[in-house]
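Report on the following structure.
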Amino acid sequence: MSKVCLLGGTFNPIHNGHIITAVKIREIYNFDKILFVLNDIPPHKKKPKITSRDRLNMLRLALKDINNFEISDIELKRSGVSYFIDTVSYFKEKYDDLYMLIGTDQANIFRTWYKWTEYFDIIKILVIKKEEELYETLPFEYVDIPEVIISSSEIKERVRANLPIPGLVPQNVENYINEKKLYR
């Protein structure tokens, strides 16, 4: 039986905050695997301007040398909006001990998620603190780890302004962003 944690997102771009948080969660919960699930068209955000192919390539670069980190492109293979409940249901058939990780930002709007009540029957939901406090009272498991304050929005703004981004993303991701002239 594998103990797996799903970490979904647009990863636009993947950054060191995602990676550091996933490493800490893996260590605390002794997960066999952290599965990064790349969203194509998320229901709570606009479709990213950067192609899913570029975002997938950046994920591959960022995670290629990290043991027990894998990438799923299942949501890229679906047409239309990606509802995470469909992804969770798919992976529940593969893994008995399944968790997902969200931030307080998503926890606080969790009741707006498609079929939100179904999650509690099939997956354990871990919540880490982000910029805002958790005020939702649903049966989440709160994980108290130091917040890594790096935002994809800040990275994109810095790239647009021709400012350096060392330490914010892995070096190979920064190279990819520069080579492809992304976020300009």
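The values are calculated or read from the model by the stated rules, or taken from the named source; none is laboratory data. Keep in mind that what you see is a predicted model, and the values were worked out from it rather than measured. Neighbour counts run over all protein chains shown; Cβ positions are idealised from the backbone, glycine included.
Tabulated data
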item	result
Near pairs, Cβ below 8 angstrom, 6+ apart or cross-chain, from the range 129-152 (of a type in the set (D, E)) to any residue that is at pLDDT 90 or above and in a loop (DSSP other than H, G, I, E, B)	E132/N108; E136/N108
Any hit, the range 88-105, residues being out of contact with any Gly (no Cβ under 9 Å at 6 or more places or on another chain), under 17 Å from A22 (Cβ atoms), crowded, with 19+ Cβ neighbours inside 10 Å and polar (S, T, N, Q)	yes
Residue within the range 72-92 that is among the acidic types (D, E) and not in a helix (DSSP H, G or I) present	yes
Of all residues in the range 147-173 being small (G, A, S) and within 16 Å of the chain's Cα centre (by Cα), the one that is nearest to L59 (Cα to Cα)	S152
Per-region count, the range 1-48, residues of a type in the set (A, V, I, L, M, F, W, C) and part of a loop (DSSP other than H, G, I, E, B)	5
Residue selected from the range 124-141 under the condition at pLDDT 90 or above and in contact with a Ser or Thr (Cβ under 9 Å, 6 or more places away or on another chain), by the criterion surrounded by the fewest Cβ atoms within 10 Å (Cβ to Cβ)	I128
Count of the range 22-49 residues which are modelled with pLDDT under 95 and either among the β-branched types (V, I, T) or in contact with an Asp or Glu (Cβ under 8 Å, 6 or more places away or on another chain) (or both)	4
Residue under evaluation K33, criteria (1) surrounded by fewer than 21 Cβ atoms within 10 Å (Cβ to Cβ); (2) farther than 19 Å from K94 by Cβ; (3) among the charged types (D, E, K, R); (4) touching a residue at least 12 places away in the same chain (Cβ under 8 Å), criterion not met	(2)
Residue that is farthest from the chain's Cα centre (by Cα) [pool: residues in the range 1-16 that are at pLDDT below 95 and surrounded by fewer than 19 Cβ atoms within 10 Å (Cβ to Cβ)]	M1
